Amino acid sequence: MTHFVQEGPVANFKRDRTTWERGQYPLFSALTLCGDRLGASIAAAVWLALAPAAPAGAQTLTRGTLKMVVPFAPGGPSDVAGRIVAAGLSEVLGRSVIVENPAGAGGTIGSLRVSRSTPDGSEFVLANSGTHVWSQALYKTPPYNTLTDFTPLGLVVEAPRVIIAPKNFPADTLQEFIAYLKAKKGTAKYGHAGAGSASHVSCILFNAAIGVDIVAVPYRGLGPAMQDLTADRIDYLCDSPSTSKPQIDGGFVKAIATTGEQRWYTLAQVPTVREQGVDFVIITWQGLFLAQNTPEPIVRELNAALSKALDLPLVRERFTQLGEQITQPEHRSPEHFRKFVADEIVRWSGPSRRVVSRSSERGGAYPLRADTAE
């Protein structure tokens, strides 16, 4: 386990300016038997209706050090974002925030730890589309239920994925990329940060859209995966702009496409997938969750601190440089985040499950199990 400790909130915040580089749950299982979208819709409605209420004897945030769990290996996009947010929270709250990296199983190991933690606000997880949306659709027995086992704190950033390949990859456009993968006939490989992670499922859906079936190579995070990509051991990643951009700018990898509706502002030279003839758009996000039944006053205090942290000039500057779009103030509340995640589960439960099912039937590399590890 790796620890990143902010020794002093103000001093460390300034010091890091130049160094930041980035069926267990029968309710949900039973409902999904009604049909992917219907079941997920009912489960989401139940979650929204049963939003956590403050228990008797409302509490305040515990004193002392806070822990942010980033459930992926150091060096990846979640780790980079986590360090930025932790330093911002440390500045606002006037206390140390420790970033821990209990990596494994596509981020579900660290997320599960937070779901079982004491609901006093002292520990929270930086989650993403993979850990808290796609995990619910793809694992036969999810290790936790996003809709019942966590308290939403707030949405942090959103961004498209970037399809990147080694610098000497023999294709420059998406159509050349597709032709090359099809010519390799099952020997091409892509990397991801673990089964069910955002980098995994976004690539599964991308592969389905371009009509290829590729061998998946799991890692404990995108940091290790990037090392193998630059060493030409794998053929591509579906990465985040925050970790792709420095590698692209340095000439260490080649950008093939981005997956947004339009070209991303930090990678304006890179055309979108849709622009290159394939109708495919996907945006991934990162946000914070607390343990289930965290008292409302603690949620409010931490949410207010998070919003202030996201407005700090240095935090905004770093995320802008990295190509991550900070959530607008009107979308930072726990209520918005709760509804957003519930809607995302409904949106993706059907498509992701169908794609994985088809690949499994063909003998592909995508079926997930509860015991799948990175």
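Quick rundown of the values:
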{"quantity": "Residue tally, condition part of a helix (DSSP H, G or I), under 19 Å from Trp285 (Cα atoms), among the β-branched types (Val, Ile, Thr) and at pLDDT 95 or above, over segment 60-95", "calculated": "2"}
{"quantity": "Counted residues, segment 116-141 - those being on the phi < 0 side of the Ramachandran plot and either assigned to a loop (DSSP other than H, G, I, E, B) or surrounded by fewer than 19 Cβ atoms within 10 Å (Cβ to Cβ) (or both)", "calculated": "9"}
{"quantity": "Any chance Asn145 is crowded, with 24+ Cβ neighbours inside 10 Å and assigned by TED's automatic domain parsing to the domain that holds Phe340", "calculated": "no"}
{"quantity": "Matching option when the condition is part of a strand (DSSP E or B), farther than 15 Å from Met226 by Cα, touching a Phe, Trp or Tyr at 6+ places or on another chain (Cβ under 9 Å) and not aliphatic (A, V, I, L, M), among Thr151, Thr146", "calculated": "Thr151"}
{"quantity": "Matching residues, segment 316-370, being modelled with pLDDT of 65 or more, of a type in the set (Phe, Trp, Tyr) and closer than 27 Å to Ala216 by Cβ", "calculated": "Trp348"}
{"quantity": "Segment 154-169, residues that are farther than 15 Å from Asn207 by Cα and either touching an Asp or Glu at 6+ places or on another chain (Cβ under 8 Å) or part of a strand (DSSP E or B) (or both)", "calculated": "Gly154, Leu155, Val156, Val157, Glu158, Ala159, Pro160, Pro166, Asn168, Phe169"}
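The values are calculated or read from the model by the stated rules, or taken from the named source; none is laboratory data. All figures in this text were calculated on a predicted structure; none of them were measured in a lab. Positions of Cβ are backbone-derived with ideal geometry, glycine not excepted, and every protein chain shown enters the neighbour counts.
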